[in-house]
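This report refers to the structure that appears directly beneath it.
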Amino acid sequence: MWLVRRLHTQFYVAILATLAVFLLATILFWNIPGTSRGEMWSMDTAAQLAETVLPPATAAPAEQQRVIEDLRRRLGMDLALYDARGQLIGSAGHIPPLGSQRLRQKGWTVTHGGAVWILPLSDDRRLVVRQTHGPHMPGWRVFLVPLAIVLAFALGAYPIARRLTRRLARLQEGVVQLGAGDLSTRVPVSGHDEIATLARSFNASAERIEALVSSHKLLLANCSHELRTPLARIRVGLERMSRGADPGLHDELARSIAELDALIEEMLLSSRLDALRTLERAEDVDLLALAAEEAAHFDRAVEGQPVIVRGDPSLLRRLVRNLLDNAQRHAGGATRVLVAPNASGAAELSVEDGGAGVPEDEREKIFEPFYRSTRAGAAGFGLGLSLVRQIARAHGGDARYMPLPQGGSRFLVTLPLTTPSERFR
């Protein structure tokens, strides 16, 4: 029972069972007497043709013998002609004697000399025919061909079934290793069939899982580093409070607590966006109006024209706020905020500033969580820009950095526009 549970054994047993049915059908076919309508028609036709060539029953035995010998030379078959009483009239070749009981049969029968056909004539004579060379094999040799076919399939099918399931076994080993915690596990891909497609899908999933886990590990490591600064300030503030009142101490502690609260909120939002498959909330949002509301908190105006996008208003509001806050912290504030549709049929939100810009080799890295530039005096980027790209991609868009020709930076977010059919659905 254990062997049958193996997939390659099941394939192999299924093939052998099919061949066994084939062999059984072949044996039954060879053992069924020739009484089908087609065989009866063939025998009757052959008997009629024989009567047109053979002399009548009243002819002399010598004449009938001569015709029998002439037919043997022409047809290459052994022939014997019997009268109505079962007496041999003439023969040519090697046909064993047949008793009167067997001569009453019609069709083919097997003798010790091989398979013979008995053709009844209209005058009650019997013409016995035996092929000297042909498809009829004497006795048990009839079954040699199907047995040879079954044996050939049995020998050839096993390696095919084993090769097919060996790749599934490797895939199973990969799943076990991945489940055991080895996220670097990959399975070899060979062939172009469904198993190869499954192996590629497994590798892609494993790569995605490894990237997510690595990203979360990096996020936790960076968070622990970033949390130390406000915690240290709070600890120092508490020590100073124990020594005496300080007019600015309360504001400093409040600022550190607010920084901690904002960082924790961004961490939770980043983790939630990683886990989201679809937006939890989606409605039509006027991106120009939403950007104008957020820009008012930074004393900035927004240019452009209204565009309607489908998305989560709170997430889109966080996206705009993070872009404006990034420009405020790193470049003294945004110099231009623009909302407009582009030529590709998407909505664009761009925030420009007059800062020092970002080196070419860091323009993608600034969207990584807690990326810290290697330039002297450069501050870290935290989770702000990382969340901008996560939110944009969660809405089917993207975010990228573009340098301005006159100097400074431009952060461009593209989002799909809402079509009228979607708007009034």
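The values are calculated or read from the model by the stated rules, or taken from the named source; none is laboratory data. Treat the numbers as computed from the prediction; the structure is a model and nothing was measured. Glycine gets a Cβ as well: all are built from the backbone with ideal geometry, and neighbour counts include every protein chain shown.
Can you go through SER270, SER242 and tell me which one is among the small types (Gly, Ala, Ser) and either at pLDDT below 70 or within 19 Å of the chain's Cα centre (by Cα) (or both)?
Values: SER270 fails: either at pLDDT below 70 or within 19 Å of the chain's Cα centre (by Cα) (or both).
Of the residues listed, the single one that is among the small types (Gly, Ala, Ser) and either at pLDDT below 70 or within 19 Å of the chain's Cα centre (by Cα) (or both) is SER242.
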(request) Go through GLU210, GLU252, GLU226, GLU265 for me and flag whichever is modelled with pLDDT of 75 or more, over 35 Å from the mean Cα position of the chain (by Cα) and not assigned by TED's automatic domain parsing to the domain that holds LEU319. (result) GLU265
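Restricting the search to segment 172-195, which residues are touching a residue at least 24 places away in the same chain (Cβ under 8 Å), on the phi < 0 side of the Ramachandran plot and surrounded by 12 or more Cβ atoms within 10 Å (Cβ to Cβ)? Please lay out each step first, then the result.
Restricting attention to segment 172-195, the residues satisfying the condition of being touching a residue at least 24 places away in the same chain (Cβ under 8 Å) are 174-175, 178, 183-184, 191, 195.
Then drop every residue that is not on the phi < 0 side of the Ramachandran plot, which leaves 174-175, 178, 183-184, 195.
Listed by number, the residues that qualify are GLY174, VAL175, LEU178, LEU183, ILE195.
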(request) Give the residues of segment 44-75 that are surrounded by 13 or more Cβ atoms within 10 Å (Cβ to Cβ) and either outside the structural domain of GLN105 (by TED's automatic domain parsing) or touching a residue at least 60 places away in the same chain (Cβ under 8 Å) (or both), sorted by residue number. (result) ALA46, ALA47, ALA50, GLU51, LEU54, ALA57
(message) Quick test of your reading of the structure: ASP299 fulfils all but one of (1) modelled with pLDDT under 75; (2) exposed (fewer than 12 other Cβ atoms within 10 Å of the Cβ). Name the failing condition by number.
(response) (1)
(request) Give LEU178, LEU171, LEU127, LEU198 a once-over and let me know the one that is at pLDDT 80 or above and assigned by TED's automatic domain parsing to the domain that holds ARG73. (result) LEU127
(message) Being in the same structural domain as ALA291 (by TED's automatic domain parsing), touching a helix residue (DSSP H, G or I) at 6+ places or on another chain (Cβ under 9 Å) and at pLDDT 95 or above: is that true of VAL337 here?
(response) yes
(request) Mind telling me which of the residues ASP284, ASP299, ASP361, ASP325 ends up being assigned to a loop (DSSP other than H, G, I, E, B) and among the charged types (D, E, K, R)? (result) ASP299
(request) Could you grab the pairs with beta carbons closer than 6 Å, sequence gap of 6+ or different chains, first residue in segment 82-103 and under 14 Å from GLN65 (Cα atoms) and in the same structural domain as ALA60 (by TED's automatic domain parsing), second one in a loop (DSSP other than H, G, I, E, B) and modelled with pLDDT of 80 or more? (result) ASP83/ARG125; ILE89/ASP83
